[in-house]
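As structure tokens, the structure follows; a few thoughts come after it.
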Amino acid sequence: MRPLAEVHEQWHGEVPVGAIDGEIDASNVADLSQRLLDTVSNRSRALVLDLTETSYIDSSGISLIFDAAARMRNRRQQLRLVVQPRSFVAEVLAAVSMQDSVPIDPVLGEALRAVGAPN
């Protein structure tokens with residue numbers, strides 16, 4: 001049986017990118033959170049969370065993002081999101097005013113430039 005979501009990790013210099021393909025909900029949010037935060041080292045200036053292939057996110061996924069952003073700020077690191085405009089995920093994030101807490105970019109290249117990472 002295929003998991004609800006798969007995380008694909010890539011590195012751009014010292015910046016990890018975690019791309020989530022699938023659904024984020026209460027059944028998998030703890031595992032996703034741990035896996036994403038484990039990719040961030042003390043040398044990482046940021047974590048880019050790529051949600052362009054994420055088809056669904058519920059309130060537990062929203063909490064994951066707010067929690068990850070707070071943890072990153074405490075470590076003097078940044079969290080940036082990549083979200084396809086006008087997608088279901090974009091609508092959910094807009095409804096909770098996520099852009100006021102976490103920068104959101106429409107494409108990965110813009111997020112990487114914003115944190116000074118090589119494409």
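The values are calculated or read from the model by the stated rules, or taken from the named source; none is laboratory data. Please read these numbers as outputs of a predicted model, since none were measured by experiment. For neighbour counting, all protein chains shown are included, and Cβ atoms are generated from backbone atoms with ideal geometry for every residue, glycine included.
General observations
- Members of the stretch 4-20 found to be in contact with a Ser or Thr (Cβ under 7 Å, 6 or more places away or on another chain) and either assigned to a strand (DSSP E or B) or among the β-branched types (Val, Ile, Thr) (or both), listed by number: Glu9, Val15, Pro16, Gly18, Ile20
- The residue of the stretch 41-88 that is nearest to Leu108 (Cα to Cα), among those that are out of contact with any Asp or Glu (no Cβ under 8 Å at 6 or more places or on another chain) and of a type in the set (Asp, Glu), is Asp50.
- A search for C-beta distances below 9 Å between a residue of the stretch 105-118 that is within 14 Å of Leu51 (Cβ to Cβ) and any residue that is at pLDDT 95 or above and assigned to a helix (DSSP H, G or I), counting only pairs 6+ apart in sequence or on different chains, returns Asp105/Ala111; Asp105/Leu112; Asp105/Arg113; Asp105/Ala114; Pro106/Ala90.
- For the stretch 37-53, the tally of residues that are more than 21 Å from Glu6 (Cα to Cα) and either in contact with a Leu (Cβ under 6 Å, 6 or more places away or on another chain) or surrounded by 19 or more Cβ atoms within 10 Å (Cβ to Cβ) (or both) stands at 1.
- Inside the stretch 73-85, residues that are over 12 Å from the mean Cα position of the chain (by Cα) and either of a type in the set (Asp, Glu) or not in a loop (DSSP other than H, G, I, E, B) (or both) make up a count of 2.
- Any chance Ser41 is small (Gly, Ala, Ser) and at pLDDT below 95: yes
- Taken over the stretch 54-72, the residue count meeting the criterion of being within 13 Å of the chain's Cα centre (by Cα), surrounded by fewer than 16 Cβ atoms within 10 Å (Cβ to Cβ) and either among the acidic types (Asp, Glu) or part of a strand (DSSP E or B) (or both) is 1.
- Candidates in the stretch 86-102 are the residues that are in a loop (DSSP other than H, G, I, E, B) and over 17 Å from Ala19 (Cβ atoms); of these, the one that is farthest from the chain's Cα centre (by Cα) is Arg86.
- Residues of the stretch 20-36 satisfying the condition of being free of Cβ contacts under 8 Å to residues at least 40 places away in the same chain, touching a strand residue (DSSP E or B) at 6+ places or on another chain (Cβ under 8 Å) and buried (at least 17 other Cβ atoms within 10 Å of the Cβ): Ile20, Gly22, Asn28, Leu32, Leu36
- You will find that of Val48, Val40, the residue that is closer than 20 Å to Gly116 by Cα, in contact (Cβ under 8 Å) with a residue 12 or more places away in the chain, outside any strand (DSSP E or B) and β-branched (Val, Ile, Thr) is Val40 and no other.
- Within the stretch 73-119, the set of residues being surrounded by 19 or more Cβ atoms within 10 Å (Cβ to Cβ) and modelled with pLDDT under 95 comprises just one member, Ala117.
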